[in-house]
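Below is one structure, written out as structure tokens; comments come after it.
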Amino acid sequence: MYFRTVKVLQFPLARITISFILGILYVFNQKPSSILLFGVLIPAVILFCFSYFLQKNSPKKGIYFGLTTYFLSFCLGSLTQFAHTDSYQESNYTHNNIVFEKPQLISLHIKEKLKNSIYYDRYIAEINHIGTKKYSGKIIVNFTKDSLKNSLVSGSSLYVFGKLYKNKAPNNPNQFDYSNYLAQKQIYAQLYSDTQNLQNSTEYKKDIWYYTSKLRSTIIHNLEKTHFKKEELNVALALILGQKQDISPEIMQEYQYAGAIHILSVSGLHIGLILLFVNFILKPIPNTRKGSILKLMLILISLSLFGILAGLAPSIVRSVTMFSFVAIGQHLRRSVNIYHTILVSMLLILLFQPSFLFDVGFQLSYTALFFIIWLQPLLASIWTPKPRVLKYIWGILTVSFAAQIGTLPLSIYYFHQFPGLFFITNLVVIPLLGCIMLLGLLVMTLASFHFTPIYLVKPFEWSIYSLNTFIEKIASFEQFIIKDIPFNSYLLLSTYLLIFSGIIWFKKPNFNRLAFTLVAIIICQIAYIQSQYKIEQQSEWIVFNVKRNTLITKRKGKKVTIYSSASILQKNLALKSYLLGNFSSSRNVSQIKNLYFFNGNKILLLDSVGLYSKNIHPDIIVLTQSPKINMDRLLTTLKPKMVVADASNYKTTLKSWELSCRKQKIPFHVTAEKGYYKLN
């Protein structure tokens, strides 16, 4: 197994895939012009053809053909990302500035329902026209909560009068960048509307998404008629169809704390069980040439239909593609090299959807799969129990540990926590999931034909209830959940280097591999020290954007002083993210003051009282709690260099303040519009 793993990196497809991915990353980060991309592609093709014919006529193997192949793959990856980035297309709505400035009549159709927020029902929609001109591109449409009589279905055509709002950068430092997350999904704007500005069309865009949405609605409606409990039904839809929109935040958190959040996203485990199930059903078909082809076609169709029904999420696409190649390999009676299968499936997926590369689920699922294949046999070889029950338990444990070791750095990087009882969860969940999947597939298939036998539906409901109860129990042991782990990209890369070097040394110990592992440990330590040193050299003073409240921090290195009322400090996500991003656990809470000094700047804070000394002459004025002041007189008297207003002020007051600042040419920073204000 070790030599097969090492040889994978020597396999040309591995290097081609890596080059292709580097091309995608280059365009995503650097955003080069189309002239540059096509200008480089032409010489890349010429060099590739020249080196190919040169090597073909030469008995010696040169490196030039390999280098030109990888360079061409890099160029193709760049062009693929360019072609699939909607904002580069001339017809994309981002090139229409008017729709961002004043309301327009927008024609669109619904593609997908999202999880509702506190105030809005949310959908992903595709734009058809803006005014009379044809445009394209995806947006998020927010309808005021409960303003819609019925939930919209995929394919619904609408006319909405409104304007688009570009996705905003994070309102506070070190916060999750939702704007960047949406941009990775080719969504660059949002639309807010209510029924007064909405006109439904009787037309539907009847594509494959429309019919799969209708089928899911039929399944849900028929199961609801059997009085299937809402909580269990929502989890069942996530387990079988990957539809997580209606699961409550409490249940999602319990699955996360228990280390079982992965089962709520349809992935390799689910698709593997479906493949086994379909193979079992098709067993009566004879293994003749025609029978084998028929089996393969039915398997591929079954997997594809399930993938479409489940919404074609990145993890589903990856799993369906990979297991389709496994099925083809079985049909050809050849032993399938699983590493090659992973590479082919990854390259094929990224060729059609390069944005999947930036999806967290896609990254976690491929990483988990690789480590299960690579590391699990090594862990399994540590102990070989003879009793079948122990062998089965040991197999589940080794698979769980292999996947957890592989995904641990990524999980901490994205979620900053680690579920300590994941191995206990998987011991129960994996066997139970197999039964739930098979029973759930049967129930939902029958429900799609309006047949819901109670003797199948009730056991399915009880099995989901049992799963939820077990997960809730495991999640209640919060002392085993390690939370708020600071982790950055340097630590992520160095930790993976350590994991890879350690496993390679453990597989076949020798001096060189031990030395490489020790070097990896040193690199990890350097990454940690460098992160700490960089933070210790920094100092900053920040006005946060917290709705109806004032929050100010002063940081020197890892020491943070917080100025705010005690009531908003509990479970304040903005502050939590800030402390986590700066590796800070040391904090001092103080009452808000009216005067601050930072790096040679005098800062005056005016609250609702609005009192100030005429002789203070501050560099910066911070306005909070809508002080009753004459702004023109204030600016003339104090002559500040900058005025900052946080989110505790009234919106109407902010507009008059902005006009006063504009008259006297003094910069005016409103945190509700521009996000937090930082002074270095």
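The values are calculated or read from the model by the stated rules, or taken from the named source; none is laboratory data. Nothing here was measured: the structure is a model prediction, and the numbers come from that model. Heads up, the Cβs are rebuilt from the backbone with ideal geometry, glycines too, and the neighbour counts pull from every protein chain shown. What goes into the accessible areas is simple: the full protein's heavy atoms, side chains included, and nothing from ligands, DNA or RNA. Shrake-Rupley method; radii C 1.70, N 1.55, O 1.52, S 1.80 Å.
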Residue match in segment 299-316 (condition: in a helix (DSSP H, G or I), in contact with a Leu (Cβ under 8 Å, 6 or more places away or on another chain) and surrounded by fewer than 20 Cβ atoms within 10 Å (Cβ to Cβ)): no
Selected residue [open to solvent by 40 Å² or more (accessible area, probe 1.4 Å) and in contact with an Asp or Glu (Cβ under 9 Å, 6 or more places away or on another chain)] from N512, N545, N549: N549
Some residue of segment 598-605 being in contact with a helix residue (DSSP H, G or I) (Cβ under 7 Å, 6 or more places away or on another chain), farther than 30 Å from K166 by Cβ and surrounded by 19 or more Cβ atoms within 10 Å (Cβ to Cβ): no
Qualifying residues in segment 342-380 (those that are closer than 20 Å to L492 by Cα and of a type in the set (G, A, S)) - the one farthest from the chain's Cα centre (by Cα): A368
Condition met for I529 (out of contact with any strand residue (DSSP E or B) (no Cβ under 7 Å at 6 or more places or on another chain) and outside any loop (DSSP other than H, G, I, E, B)): yes
Test: F500 is modelled with pLDDT under 95, surrounded by fewer than 14 Cβ atoms within 10 Å (Cβ to Cβ), within 30 Å of A403 (Cα to Cα) and not acidic (D, E): no
Given (1) under 17 Å from L605 (Cβ atoms); (2) without any contact (Cβ under 8 Å) to a residue 24 or more places away in the chain; (3) part of a loop (DSSP other than H, G, I, E, B); (4) open to solvent by 10 Å² or more (accessible area, probe 1.4 Å), number of the condition K665 does not satisfy: (1)
W383 within 23 Å of L492 (Cβ to Cβ) and in contact with a helix residue (DSSP H, G or I) (Cβ under 9 Å, 6 or more places away or on another chain): no
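Only one residue in K483, K473, K507 is within 27 Å of Q532 (Cβ to Cβ) and of a type in the set (K, R). Which one? Outline the logic, then answer.
Numbers: K473 fails: within 27 Å of Q532 (Cβ to Cβ); K507 fails: within 27 Å of Q532 (Cβ to Cβ).
Among K483, K473, K507, only K483 is within 27 Å of Q532 (Cβ to Cβ) and of a type in the set (K, R).
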Close pairs from segment 286-298: first on the phi < 0 side of the Ramachandran plot, partner of a type in the set (V, I, T), Cβ under 8 Å, at least 6 apart: G291/I285; L294/I285; K295/I285; L296/I328; L298/V278
Residue tally, condition within 19 Å of A238 (Cα to Cα) and open to solvent by 60 Å² or more (accessible area, probe 1.4 Å), over segment 433-465: 6
Top-ranked residue in segment 217-231 [being touching a residue at least 60 places away in the same chain (Cβ under 8 Å) and surrounded by fewer than 20 Cβ atoms within 10 Å (Cβ to Cβ); ranked as nearest to the chain's Cα centre (by Cα)]: E231
